[in-house]
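Novice: Before I ask anything, let me first share the structure, which is written out below as structure tokens.
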Protein chains: 2
Amino acid sequence: MVAEIVSGLEYSKKVLTEVGEAIAKTREHHPHFESVLAIVQVGNRSDSNVYINAKLKKAKEIGANGKLIKLPDTITQGDLKREIMALNHDNNVDGIIVQLPLDCKHDIDADYIIDLIDPLKDVDGLTRINAGRLARGELQRTIFPCTPYGCLYLVQQATGNPNFVSGKEVVVLGRSKIVGSPAAALFLWHHGTVTICHSKTPNIKEKCLRADILIVAIGRKHYVKADWIKPGAFVIDCGINVGDDPTSRKIYGDVDTEAAKEVAGYLTPVPGGVGPMTVAMLIRNTYEQAKRRRLPGKESNEEFDH
Amino acid sequence: MVAEIVSGLEYSKKVLTEVGEAIAKTREHHPHFESVLAIVQVGNRSDSNVYINAKLKKAKEIGANGKLIKLPDTITQGDLKREIMALNHDNNVDGIIVQLPLDCKHDIDADYIIDLIDPLKDVDGLTRINAGRLARGELQRTIFPCTPYGCLYLVQQATGNPNFVSGKEVVVLGRSKIVGSPAAALFLWHHGTVTICHSKTPNIKEKCLRADILIVAIGRKHYVKADWIKPGAFVIDCGINVGDDPTSRKIYGDVDTEAAKEVAGYLTPVPGGVGPMTVAMLIRNTYEQAKRRRLPGKESNEEFDH
């Protein structure tokens, strides 16, 4: 079997085009409608700069707005809190994200800062309130974290089946707050039978081999080998690992893609898989929240696959 | 193999005795120290009355205090909200629980009501904030839901190993907000490899057979058979099912205990297993919060196994 390579690049374009069309259509009736994403950056990490630029560029391309609040690495937790609160109260901001990791000289508790974000503007879906709602299966009341949401979207679209996850055995490698844990919850509440593996799991290969859907978010280059994959499985690679060559900016996934594609049924590549989907889902989440907040009475999600 | 029957009755006495001693010791230095649990009951379900009486009685036995706020089944959501807010602001209340299910004539959103409880008084650990913290692995910042906490305690105590869960394969049947979902999170963050099964899971028997620790919270009498159990496994039965005979008040677990005990390594009985542990952990949670709130600067948990 040769796996279908699931292009996050292509699917993210589809999502972004749909959001752009939705914004344009909304403006026919509400000419001043905006969908504004505020990105808070502390310090000046070069990898963060790359991600932030991608987000702002994609937002602009489809008629949404983004703005960067770039703060010095000398900022204190108190001052950063005040910045977040100001964005919470800014009526012209629909979504707020804090670019992680923070690049700061003082001790700042990133969880504390993220939890300050108004849950209705938490378009990364990372506040404990939205995480709690997702964990409890209150899917209509939460905002899906962007990377897991992108994973789910790829599965639904590539298989052509919105209910593909239901009844499937899903194995998630990694239990991070940003990817592994929320992916497990999202796939559980789409009725998968979910197993979460992590650094303390012995014999991970054996667990992977059970997976109809394998979500890998463990942060190690080519960690998952071809013989860890059940033939025909849907393999989603969330890894972003920089190679050893300092002169190259080449990135590698957590899955040994070249070998794995001989076994898997579907495979998301790195780069061009989950990465661009994350950006697209962020912009979509922002638009959905903009619509909810700016156009009261309008139901969200009506024009999108969910 | 004949399983060790893990007596929740005995272990709950141990917990309650320890909490009683801790309260007495605290009063040596703080003679007016109290640990007050407020139970909110809407309506008059007879099963709820039984559970509530057990909680109040056990609290009283060890020198903690309980009070019942019994509200008519005609109460509105707005009035119930006001009751919760009053308890949040009552300096003489340390823990608040809402007895579920609500027995009410009006439409009341139980999740909404529970989320009104001050997270620091949420001794059932069911608010979305505490659920979110648990889901994200912030164990020091949350309150463990009582039934999963009781399950964990039984495993640690019966095996004599506080780290017994680490590296084990844990299978949870059921994804309820009260038992299954938080049990999965709690055992995950004690480093188990956790699989969650539910009504949409095909071939549950096969999944159960993988479990080193099997937590059953599915609400069907004797659903799990002996041949679903891996020899030597630790089987935790959270079921409370009333039998078919209306003249008997006999309750049954979700596991066919008589047969299962020939296979399992450890088995919690019903009744006398998880049930009494739930009550004990509620009273312990209340005491811990009382100490945190009333004796600022004192670190909690210092005298307990955790």
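Novice: In region A:185-212, which residues are more than 18 Å from B:Pro202 (Cβ to Cβ), more than 9 Å from chain B (Cβ to nearest Cβ) and in contact with a helix residue (DSSP H, G or I) (Cβ under 7 Å, 6 or more places away or on another chain)?
Specialist: A:Leu186, A:Lys205, A:Cys208
Novice: When you check A:Asp227 against the structure, is it more than 14 Å from chain B (Cβ to nearest Cβ), outside any helix (DSSP H, G or I) and surrounded by fewer than 17 Cβ atoms within 10 Å (Cβ to Cβ), yes or no?
Specialist: Considered against the rule, which asks whether it is more than 14 Å from chain B (Cβ to nearest Cβ), outside any helix (DSSP H, G or I) and surrounded by fewer than 17 Cβ atoms within 10 Å (Cβ to Cβ), A:Asp227 comes out as no.
Novice: Would you point out which residue out of A:Asp124, A:Asp212 is charged (D, E, K, R) and within 30 Å of A:Asp94 (Cβ to Cβ)?
Specialist: After ruling out the rest, the residue left standing is A:Asp124.
Novice: Considering only residues that are in a helix (DSSP H, G or I) and surrounded by 19 or more Cβ atoms within 10 Å (Cβ to Cβ), which ones fall in region B:57-82?
Specialist: B:Lys58, B:Ala59, B:Leu80
Novice: What residue, of A:Asp94, A:Asp109, is of a type in the set (D, E, K, R), touching a residue at least 12 places away in the same chain (Cβ under 8 Å) and within 14 Å of another protein chain (Cβ to nearest Cβ)? Lay out the reasoning, then the answer.
Specialist: Numbers: A:Asp94 fails: within 14 Å of another protein chain (Cβ to nearest Cβ).
Sole residue among the options that is of a type in the set (D, E, K, R), touching a residue at least 12 places away in the same chain (Cβ under 8 Å) and within 14 Å of another protein chain (Cβ to nearest Cβ): A:Asp109.
Novice: Still on this structure: Within the bounds of region B:35-56, is there any residue that is farther than 17 Å from B:Val98 by Cβ and assigned to a loop (DSSP other than H, G, I, E, B)? Walk me through how you get there before you give the answer.
Specialist: Initially, region B:35-56 is screened for residues farther than 17 Å from B:Val98 by Cβ, giving B:35, B:46.
From what is left, the residues that are assigned to a loop (DSSP other than H, G, I, E, B) are B:35.
Yes, region B:35-56 contains a residue that is farther than 17 Å from B:Val98 by Cβ and assigned to a loop (DSSP other than H, G, I, E, B).
Novice: Hey, does region A:230-247 have a residue that's under 21 Å from B:Gly192 (Cβ atoms), touching a Cys at 6+ places or on another chain (Cβ under 9 Å) and either crowded, with 23+ Cβ neighbours inside 10 Å or of a type in the set (Gly, Ala, Ser) (or both)?
Specialist: no
Novice: What number of residues within region B:251-306 satisfy the criterion of being among the aromatic types (Phe, Trp, Tyr), at pLDDT 95 or above and either loosely packed, with under 15 Cβ neighbours inside 10 Å or within 14 Å of B:Ser7 (Cβ to Cβ) (or both)?
Specialist: 1
The values are calculated or read from the model by the stated rules, or taken from the named source; none is laboratory data. From a predicted model like this one, the values you see are computed outputs, not experimental measurements. Counting neighbours? That spans all protein chains shown, and the Cβs are built from the backbone with ideal geometry, glycine included.
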